[in-house]
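The values are calculated or read from the model by the stated rules, or taken from the named source; none is laboratory data. These figures come from a predicted structure and were not determined experimentally. A quick note on method: Cβ atoms are made from the backbone with ideal geometry, for glycine too, and the neighbour counts reach across all protein chains shown. All accessible areas refer to the heavy atoms of the entire protein, side chains included, with ligands and DNA or RNA removed. Shrake-Rupley method; radii C 1.70, N 1.55, O 1.52, S 1.80 Å.
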Amino acid sequence: MAASDALHFTGDPEADALIGRDSLALLIGFALDQQITVQTAFAGPLKLKQRLGTLDPTAIAATDPATLEEAFRQKPAVHRFPGSMAKRVQELCALVATEYGGDASRLWTEAQDAKDLERRIRALPGFGDMKVKALSAVLAKRLGVEVAQPLAPDYPTLGDVDSDEALEAYQAAKRAHRSASRGVARA
């Protein structure tokens, strides 16, 4: 997949290497990146691979939903909302299996232009404006995907994280921004 040996999103070298080399793992991490820490979200694909024995999208799409949910619930849980996130990941895997022949990287490698890439990302379950921008930034800045460049925002995103230290700095800036936003909202 990658122009990167690892994406430094978890602090766990094995999980970071997986999301750096496996396109589906990266998409699953983004799907999970909601109401939990970045580290927990992007460690989720490794947990799933360990619990299911695979990250093959066709196999995950065909997995009994109760079995997949149980894999999400095992301690430590993959997500704080294991039922809904198991369903979302299964839907994501089904889409990758049917639309992209099981190769998640085709989402961006076969995109005709930025507009086509944006349409493809938005078609993923749970991917709205913020995830379009964040995934595009990672694709453009970390993985060298040219077609993603126009979609990458000019403010700091996960696409700017290239080390464990950069992740800490990114998260500190994000917390400061949220805190300042809350202060303005209260005023």
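Tabulated results
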{"read-out": "Förster radius 35 Å - calculated FRET efficiency between S163 and D64, Cβ distance, rounded to 0.05", "value": "0.30"}
{"read-out": "Estimated [θ] at 222 nm from DSSP helical runs (n ≥ 4, -39500 (n - 2.57)) normalised by residues in the chain, nearest 500", "value": "-19000 deg cm²/dmol"}
{"read-out": "The chain, dipole about Cα centre (Lys/Arg Cβ +1, Asp/Glu Cβ -1), debye to the nearest 20", "value": "840 debye"}
{"read-out": "Three-way shape call for region 31-187 based on the alpha-carbon gyration tensor, with the a/c threshold at 1.5", "value": "oblate"}
{"read-out": "Prolate/oblate/rounded label for region 1-86 (Cα gyration tensor, a/c 1.5)", "value": "oblate"}
{"read-out": "Solvent-accessible area, 1.4 Å probe, carbon plus sulfur percent, for region 32-187", "value": "50 percent"}
{"read-out": "Whole-Hz couplings from phi, Karplus 6.51/-1.76/1.60, listed for region 128-139; x for Gly and Pro", "value": "x, 3, 5, 6, 4, 5, 5, 5, 4, 5, 5, 4"}
{"read-out": "Accessible surface, per residue, of the chain when the full set of protein chains is kept, probe 1.4 Å, Å²", "value": "49 Å²"}
{"read-out": "13 Å beta-carbon shell around R21, net charge (K/R +1, D/E -1)", "value": "-2"}
